[in-house]
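> Quick one: this structure, given as structure tokens, is what I'll be asking you about.
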Amino acid sequence: MSLLCQVCGAANHSEAEHCRRCHAKLLVVSGPEAAEEESYEEGREEGFSFDEHLLERISVLEEAVKRTTDAVRQLLSALRKQERNLLINYAGLETARELLEGKGLVSREEWGELWSARMDQQLLALEKRDRFLAGKERIVALYSGAHRKEFLEFLEDAEYALFGLDVSAAVNSLENAFYLDLANYELACFLGEFYFNEGEPERALGYFQRVLAVMPEHYEGLVFSGVIHHERGEMAEAEKLLKRAVARYPESFLPNFSLGAASAGMGQLARAVRYLEAAVAIDPVPQAQFLLGRCYFEMGKVGPAIRALKEVVRRDPAHEEAHDLLGVAFLERGWTQKALASFRAAQRLAPAKMRYQDLVRYLSGQRGAPLPEVAGEAKKLLTEAEQHLAQGRTKRALALLKRGLELEPDHPTLLISYAVACLAANRGQEIEAVAQKVLDANPDEMLKATAYATWIAALRSQGKLREGNRLGKRLLEEGSSPFARTIAFYEMAYNLAEMEEDLDSALEFAERSLALAPEELRAFPMAALGWVHYKRRDYQRAVNLLTEASELGPSPTTLTHLGMALLASGQDEAARKVLSQVRGAAARGQVLAERMMDVMKDSGRLLERVRRHQKK
């Protein structure tokens, strides 16, 4: 006799535990039909009453309902006790925080940021645990080697580690299990996803290649591998894999989006639009709509671009780049007021999106400012990390810098580079400890100013402008050189301009910064002074200063501000040229690849797509 799988309907051997086709656990829903008929006939011969049978079943059901009610009552009682315990624990933690805050050992902001960081870490561990438990049975069902007991022990160790929120121990156990069964594509896929989301695409690719060696049409294997090859610049291989994914799963969002983004990165805009339109039709994800709108704009189709970008900002009002590109598109149509409104919306979001990192990049050594030399293996790691950071691979850069800091934990250049990578990865809560570690070593004034500038940029990215200005005042008190004081006045001027509360003080700080600035730094305070004049509605003065600043050192931020000042002063054609220059400064392929990686790293969305496909 064969058993039919309750999931896919495949016939299986009567003693099988898992389906041979989909590996779901088999459930026996009824016994042999002949046995039921025989039992029923015997009951009839003995004069069995059907009414008595119904009464008996009703009694059984009543008893089951009673037991269920009792169990629910016990659960509610336990839940109330747990709620009371949580309130008591929370009160204890608040008491500890208030005591530490009262003694000046910790601030409310520090407490909240550390709490949030730890919570995010634990929630990520819970997500990985749920993902592992959902696929554990399939992993077990695929094993066919001679070391089953040892294999299961490794899986149990991983499960216990995940329940203890120890992700690294869990992954170590899972890798040991995988070495016992190299054909287990479910386990390889889990490990590949883990390393991909941790910013280690090379290790992830090794596991996905194992997946495709066993299952050539595997969903995640094709998509992830294609994206990783695209990130590595191996366009032909990426295109081949993603085309296979689209052909095999035409109704799935990720293959269409990934191939559309890859095509856009290669400049094949017409094909990119075709795949991105298909992706947006499946699921109107803002990132996909933004890429679609950008491709339309690059092709000269301003009307469709405006419609797509309007939909982006409707769904995601905090999408700064969509506001920015929408402003450029409005400008192409000659709609000056709409363009200026879009640019202002983008500018309001700029601190949260960390656009004011020009000074930090300059000071951290990427534009020639000297920092202490790094030697040996740590130098190799730093160089590789800087390359990844330049290409938008922030997680990979962070992983390499962490390895460098393990070798030289107190090296200021490594610490500053790690802080800059944290800025790019939107992990501002980690920067305070790193910057403070640099400052505790009593560095020279240039290094001190760099640490403070990075810390202030992190606070600005979180909207904490007043806290940033408190640090600026500390730098003024501690720094005596023109270099350090230039940085302090510059940072405070920009923050006050953003707050728009005390523009007179902002003007004073910007002028003092410019007066003190060494020649190599003059572009920064001059741009800040121009921006303060813009905020004061002195548009022509703003245009003059921002033009001079952009000639000294052009940056996307300065050029954007210059374009806005030109628009506000009625110089529409000049504004269009400047803002086009801003858009041309970014490499199209790099930006598009970054967007693709952003979506791919959203593991929750990916799993949703996979589940949707599996249900079909």
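> I'd like to compare 290-297, 15-22, 189-196: which one has the highest average count of other Cβ atoms within 10 Å, and what's the full order after that?
290-297, 189-196, 15-22
> Taking θ = phi - 60°, what integer Hz values does the Karplus form 6.51 cos²θ - 1.76 cosθ + 1.60 yield along region 197-208, in sequence order, with x for Gly and Pro?
For region 197-208, the Karplus-derived couplings read 6, 8, x, 10, x, 5, 5, 4, 4, x, 6, 5 Hz, x marking Gly and Pro.
> Using the beta-carbon distance between Arg203 and Ser480 and R0 = 45 Å, what value does 1/(1 + (r/R0)^6) give for FRET efficiency, to the nearest 0.05?
In this case the efficiency is close to 0.40.
> Please compute the length gained on full extension between Lys402 and Glu508, using 0.36 nm multiplied by the number of residues separating them and subtracting their Cα-Cα distance.
34.1 nm
> Under the Karplus relation 6.51 cos²θ - 1.76 cosθ + 1.60, θ = phi - 60°, what is the ordered set of whole-Hz ³J(HN,Hα) values for region 306-311, x standing for Gly and Pro?
Result, ordered by residue: 4, 4, 5, 6, 4, 5 Hz.
> Continuing with this model, one more query. Determine, from the Cβ-Cβ distance of Glu150 and Leu4 and an R0 of 35 Å, the FRET efficiency 1/(1 + (r/R0)^6), rounded to the nearest 0.05.
0.60
> Straight-line reach from Lys379: which lysines fall under 28 Å, measuring Cα to Cα and dropping same-chain residues less than 8 apart?
Reachable lysines: Lys395, Lys402, Lys437, Lys448.
> Let me ask another. Work out how much length Lys240 to Ile88 would gain on full extension: take 0.36 nm times their residue separation and subtract the Cα-Cα distance, in nm to one decimal.
So the extension gain works out to 48.9 nm.
> Related question: Within the P(r) computed for region 195-324, what percentage of the Cα pairs occupies the region above 24 Å?
Taking all Cα-Cα pairs of region 195-324, the fraction more than 24 Å apart is 31 percent.
> Within region 288-302, what residues put their amide N at less than 15 Å from the label point 7 Å along the Cα-to-Cβ vector of Trp335?
Correct set: 297, 301-302.
> Once phi is turned into θ = phi - 60°, what whole-Hz ³J(HN,Hα) does the Karplus curve with 6.51, -1.76 and 1.60 give for every residue of region 245-262, x standing for Gly and Pro?
Once rounded to whole Hz, the list reads 5, 5, 5, 7, 10, x, 9, 9, 5, 4, x, 5, 5, 5, 5, x, 5, 5.
Every number here is computed from the coordinates shown, using simple stated rules; none is lab data. The model shown is predicted, which means the values in this text are computed figures rather than measured ones. Note that each Cβ is placed from the backbone with ideal geometry, even for glycine, and that neighbours are counted across all protein chains shown.
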